[in-house]
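Student: Could you have a look at this structure, given as structure tokens, before my questions?
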Amino acid sequence: MGFSTRIKQILIVLLQEAEPVSVQYLAEKIGVSKRTTQRELGYIDSDLKHYPLTFMSKTGVGVWLEGTAEEKEQLLHKLLQGDQFDVMNKEERRKRLILEILRDKGLKKLFYYSSQFQVSEATISNDLEAIEPWLNAQNLFIVRKPGCGVDVQGTEEEYRKAIRIFIDENMNSDFIRESYEFSETEGGKKRGIENLKNSEIGQILNDNILKKVVNTILGLDNERVLNLTENSYVGLVLHVSIAINRIIKNEMIETNEELIHDVAKDEDFALAEQIVTALEEEFDIEIPEMEIYYICLHIKGAKHQKVAFKETETVEMERKELQKLVNAMINAFDEEQAYLLKQDDEFIQGLLAHLQPTMIRIMYHMQIQNPVLEDIKKGYQEVYEKCLKVSKVLADWIGQPVPETETGFLTVHFGAALVRLEDKKEVFRQVAVGVVCASGIGISRLMATKIEKGFKNRVEVVTYGKNDITPFIISNTDFFVSSIPMDTSQGDILSVSPLLNEADMDEIRKKVMYYERTPQLGRDRSETSVQLEQTNFVAHQIRMVVDHMEYFQVEEEITFPVLVETIGKGMACYDEERDWVVQDLLNREKLGSQIFAEFGFALLHTRTRDVSRPEFAVCLTETKGSFTDPYFKGIQAVFVMLIPVDDHIKENSDILGYISGMMIEDDEFLDKMIAGDKEEMRQTLSKTLKEYFKYYVSRL
């Protein structure tokens with residue numbers, strides 16, 4: 001029905017009166033001041049718009065409802081029957097008491113609440129004591145004024161935060177989610193809006209306001225709004241609805257000079273202005289400029305963007321600073337697994353995307369729901385405990401405590417990374433090593449002893465004379481260490497000096513690392529052959545990436561579409577191929593921006609049918625300065641990675657993924673790439689991919 005408690009009280013009185021009554025009489029009946037009653041009467045027309053009754057007011061006569069007796073009786077019946085609850089249930093009654101306090105700010109007599117809940121004033125007094133800790137936790141404080149009543153004091157900002165917390169703790173916001181989920185179809189959108197009429201949130205926020213807010217926000221048809229996560233969208237709707245509800249009641253939020261200084265007037269601010277303009281038109285009200293800053297803050301807390309950081313200083317998070325923070329968080333989680341976690345590109349990118357809006361939410365004490373927090377804490381207790389240390393690193397960095405809801409979200413990111421790590425976990429086996437000398441005694445035994453001492457149970461060493469080697473021995477030996485010349489057809493032969501110097505031991509170590517990760521010979525020879533072929537393939541692809549690295553220089557003021565055209569022209573041989581490369585890059589950008597302002601570069605990557613090998617390119621401006629088009633957000637470099645559409649998606653993606661990881665992990669790598677010396681770029685790329693190849697071989 002959507003009527004507030006006080007409007008219900010007014011309507012019940014008017015519906016039971018046969019003649020007009022004065023405002024003073026009405027005020028006395030419902031137990032509030034005449035001024036408060038007059039203010040409430042100002043809302044009654046909009047509340048009655050869906051009913052066949054009209055509110056009438058005439059000076060010198062009074063106020064009354066115009067309509068037939070039958071129409072009045074039907075509404076009175078609904079009002080008396082609707083929203084019933086057991087007043088004897090203390091918990092439910094006290095929640096309703098909090099609801100009334102938050103809904104209507106101001107001094108109230110105990111009689112007002114006792115008549116509303118049909119209990120004694122002593123009971124209400126006890127209830128106020130019971131709910132006081134909850135209010136205090138929201139920085140709202142009960143002030144008792146003998147002879148006048150009780151007042152709840154706190155800033156308007158704290159009132160609004162308390163309303164949001166109360167909604168999150170006690171009310172179902174599914175109707176907002178449905179309006180978002182079905183926003184692409186008119187029928188689905190209508191379904192979500194219709195469910196609003198039956199929502200509990202209508203008890204605290206006028207359902208007509210909520211409906212208008214949902215329609216206004218979705219009506220903008222703004223891609224960035226529609227790309228918000230479901231929780232962020234719900235949060236935006238609730239934030240705006242609470243603000244409109246309070247503004248209509250002439251409750252204005254205080255000016256926050258620090259926030260005004262911190263919030264940059266960027267694309268987020270422009271979107272907030274667009275939302276406010278639409279709301280002013282929809283509600284026919286004037287919305288203070290301060291509200292724009294708070295809406296902007298909410299948007300920033302819901303997406304990857306510039307951060308207002310450390311007290312009143314507004315800065316763009318430096319790439320190296322964020323890199324240090326991410327590395328410190330991973331190290332705090334588990335030092336032993338830190339190296340492998342840092343190689344998980346999906347984990348790193350997901351953590352970076354999550355981190356900046358998280359920092360904004362924490363710094364500005366913004367509320368966020370985590371409905372599965374308790375499940376996370378119970379089901380992933382060990383990971384959650386480790387993430388408490390991660391949260392401590394983040395808290396020290398920001399200078400604000402990290403709520404457990406945010407620790408829960410971090411647990412999800414780290415937990416998913418551990419699952420992927422477990423899937424890739426390597427199984428080692430003992431390596432069969434043959435040591436060969438002319439006779440199989442003497443020198444070979446000395447060599448075998450040194451190898452056994454160096455590798456212990458990782459190897460099984462057998463000594464042979466040169467003439468002992470048979471096809472059977474070859475098929476059951478992973479590799480041979482020989483101090484004499486041998487025919488390579490006799491297996492994998494490593495020629496060494498008889499005394500096995502450090503260089504020889506290092507070569508043996510590489511062989512052991514390789515074979516202990518491969519299937520045992522004699523059992524699955526074909527699989528080993530496949531792995532060798534894959535190794536050769538990866539080496540070939542790496543060489544192609546280095547040899548064919550591209551370097552473009554473009555004008556500073558170039559636009560994004562023109563840049564993509566330039567890239568397509570430079571990286572495709574034919575016009576038709578260029579068109580496909582361009583289209584694939586543009587389609588990928590639509591899925592989510594690849595501009596990383598916080599790191600100072602863009603990373604354009606896509607799978608495309610019009611390249612036959614993985615390709616890497618660097619694009620800088622002619623002056624080696626920043627791109628000036630606003631779309632690029634002041635970045636200095638654009639990196640391009642193209643992956644062919646073939647059966648080697650994993651191998652190619654891992655190669656290019658390692659490069660992207662170095663852009664974040666290795667300052668020297670990025671510095672060399674944006675210096676603009678093509679030969680130095682190529683040497684740096686070659687050095688980096690050699691490290692990757694070593695890592696690749698070590699996992700086989």
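Student: Quick one: would you say Ile167 is crowded, with 19+ Cβ neighbours inside 10 Å and at pLDDT below 80?
Tutor: yes
Yes/no per residue for (1) surrounded by fewer than 20 Cβ atoms within 10 Å (Cβ to Cβ); (2) at pLDDT below 85:
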position: Glu258; (1), (2): yes, yes
position: Val263; (1), (2): no, yes
position: Leu279; (1), (2): no, no
position: Glu289; (1), (2): yes, no
position: Gly301; (1), (2): no, yes
position: Glu313; (1), (2): yes, yes
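Student: Could you give me the residue pairs with C-beta distances under 8 Å whose first residue belongs to region 482-504 and is surrounded by fewer than 11 Cβ atoms within 10 Å (Cβ to Cβ), whose second residue is among the polar types (S, T, N, Q) wherever it lies, and which are 6+ apart or on separate chains?
Tutor: Pro485/Ser495; Ser497/Ser483
Student: Another one. Filter region 113-142 down to residues that are among the β-branched types (Val, Ile, Thr) and part of a helix (DSSP H, G or I) and give me whichever is nearest to the chain's Cα centre (by Cα).
Tutor: Out of the qualifying residues, it is Ile131.
Student: Which of the residues spanning region 411-461 are assigned to a strand (DSSP E or B) and at pLDDT below 85?
Tutor: Selection gives Cys437 alone.
Student: Considering only residues that are surrounded by 20 or more Cβ atoms within 10 Å (Cβ to Cβ) and of a type in the set (Lys, Arg), which ones fall in region 617-659?
Tutor: Result: Lys633, single match.
Student: Which condition does Asp268 not pass, out of (1) assigned to a loop (DSSP other than H, G, I, E, B); (2) modelled with pLDDT of 70 or more; (3) closer than 27 Å to Leu591 by Cβ, if it passes all the others?
Tutor: Only one criterion is unmet by Asp268, namely (1).
Student: Suppose we filter region 271-294 for residues that are in contact with an Asp or Glu (Cβ under 9 Å, 6 or more places away or on another chain), β-branched (Val, Ile, Thr) and part of a helix (DSSP H, G or I); how many remain?
Tutor: Matching residues across region 271-294 total 2.
Student: Exactly one condition in (1) surrounded by fewer than 17 Cβ atoms within 10 Å (Cβ to Cβ); (2) at pLDDT 85 or above; (3) out of contact with any strand residue (DSSP E or B) (no Cβ under 9 Å at 6 or more places or on another chain) is not met by Glu555; state its number.
Tutor: Unmet condition: (3).
Student: Related question: Does any residue in region 123-144 that is of a type outside the set (A, V, I, L, M, F, W, C) come within less than 9 Å, Cβ to Cβ, of a residue that is assigned to a loop (DSSP other than H, G, I, E, B) six or more places away or on a different chain, and which pairs are these?
Tutor: From residues that are of a type outside the set (A, V, I, L, M, F, W, C), the pairs are Asp127/Val119; Gln138/Gly154; Asn139/Gly154; Asn139/Thr155.
Student: Aromatic (Phe, Trp, Tyr), assigned to a helix (DSSP H, G or I) and on the phi < 0 side of the Ramachandran plot: is that true of Tyr51 in this structure?
Tutor: Judged against the criteria, Tyr51 is not a match.
Student: Looking at Glu71 and the list (1) free of Cβ contacts under 8 Å to residues at least 40 places away in the same chain; (2) part of a helix (DSSP H, G or I); (3) assigned by TED's automatic domain parsing to the domain that holds Pro146; (4) surrounded by 11 or more Cβ atoms within 10 Å (Cβ to Cβ), which single condition is not satisfied?
Tutor: (3)
Student: Moving to a separate point now. Identify the single condition in (1) under 19 Å from Gln594 (Cβ atoms); (2) touching a helix residue (DSSP H, G or I) at 6+ places or on another chain (Cβ under 8 Å) that Ile635 does not satisfy, given that it satisfies every other one.
Tutor: (2)
Student: Can you tell me which residues in region 44-68 are at pLDDT below 85 and farther than 16 Å from Ile12 by Cβ?
Tutor: Selection gives Asp45, Ser46, Lys49, His50.
Student: Then there's this: Got at least one residue in region 82-103 being of a type in the set (Val, Ile, Thr), in contact with a strand residue (DSSP E or B) (Cβ under 8 Å, 6 or more places away or on another chain), modelled with pLDDT of 80 or more and under 29 Å from Glu158 (Cβ atoms)?
Tutor: Checking region 82-103: at least one residue is of a type in the set (Val, Ile, Thr), in contact with a strand residue (DSSP E or B) (Cβ under 8 Å, 6 or more places away or on another chain), modelled with pLDDT of 80 or more and under 29 Å from Glu158 (Cβ atoms).
Student: Scan region 194-222 for residues that are under 28 Å from the mean Cα position of the chain (by Cα), modelled with pLDDT of 75 or more and part of a helix (DSSP H, G or I) and report the count.
Tutor: Qualifying residue count, region 194-222: 10.
Student: Then there's this: I need a count of the residues in region 598-613 that are buried (at least 19 other Cβ atoms within 10 Å of the Cβ) and touching a His at 6+ places or on another chain (Cβ under 9 Å).
Tutor: Residues in region 598-613 being buried (at least 19 other Cβ atoms within 10 Å of the Cβ) and touching a His at 6+ places or on another chain (Cβ under 9 Å): 1 in total.
The values are calculated or read from the model by the stated rules, or taken from the named source; none is laboratory data. Given the structure is predicted, the values throughout are model-derived calculations rather than measurements. Note that each Cβ is placed from the backbone with ideal geometry, even for glycine, and that neighbours are counted across all protein chains shown.
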